[in-house]
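Data block below; observations after.
The values are calculated or read from the model by the stated rules, or taken from the named source; none is laboratory data. Since we're looking at a predicted model, the values are computed, not measured. We place every Cβ from the backbone using ideal geometry, glycine too, and count neighbours over all the protein chains shown.
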Amino acid sequence: MSGLRLGVNVDHVATLRQARYATMPESKNAEPDLIIAARMCERAGAQGIVAHLRSDRRHIQDRDIERLR
């Protein structure tokens, strides 16, 4: 089964952040931090991180994608 790879979707991390910080998602205090969550997933063995950038930018933001690269 070495062909299986784990990709973790971090959209729900962004959803939680947007719910908590709807008026200021770019704040350095906004949490949970998407990048920290993605790094935790990679350290735990994920081979990839998945994020869906919606046209309405409801959850994942442009800056999130830039930072994930």
Checklist line | Search result, residues across region 1-33 that are of a type in the set (A, V, I, L, M), touching a residue at least 40 places away in the same chain (Cβ under 8 Å) and under 11 Å from Arg58 (Cα atoms) | finding: Ala14
Note to self: Of all residues being of a type in the set (Val, Ile, Thr) and farther than 13 Å from Gly48 by Cα in region 2-22, which is surrounded by the most Cβ atoms within 10 Å (Cβ to Cβ)? Just the residue, please.
What the structure shows: Val13
Check: Hey, among the residues in region 34-59 that are in a loop (DSSP other than H, G, I, E, B) and in contact (Cβ under 8 Å) with a residue 12 or more places away in the chain, which one's nearest to Arg69 (Cα to Cα)?
Finding: Ala51
Next item on the list: Could you please let me know if Val13 is touching a strand residue (DSSP E or B) at 6+ places or on another chain (Cβ under 6 Å) and β-branched (Val, Ile, Thr)?
Entry: no
Item checked: Count - residues of region 1-16 that are in contact with a Leu (Cβ under 7 Å, 6 or more places away or on another chain) and assigned to a helix (DSSP H, G or I) -> 2
Notebook entry, point to check: With respect to Ala30, is the statement that it is modelled with pLDDT of 95 or more, surrounded by 10 or more Cβ atoms within 10 Å (Cβ to Cβ) and either not hydroxyl-bearing (Ser, Thr, Tyr) or not in a loop (DSSP other than H, G, I, E, B) (or both) true?
Noted result: no
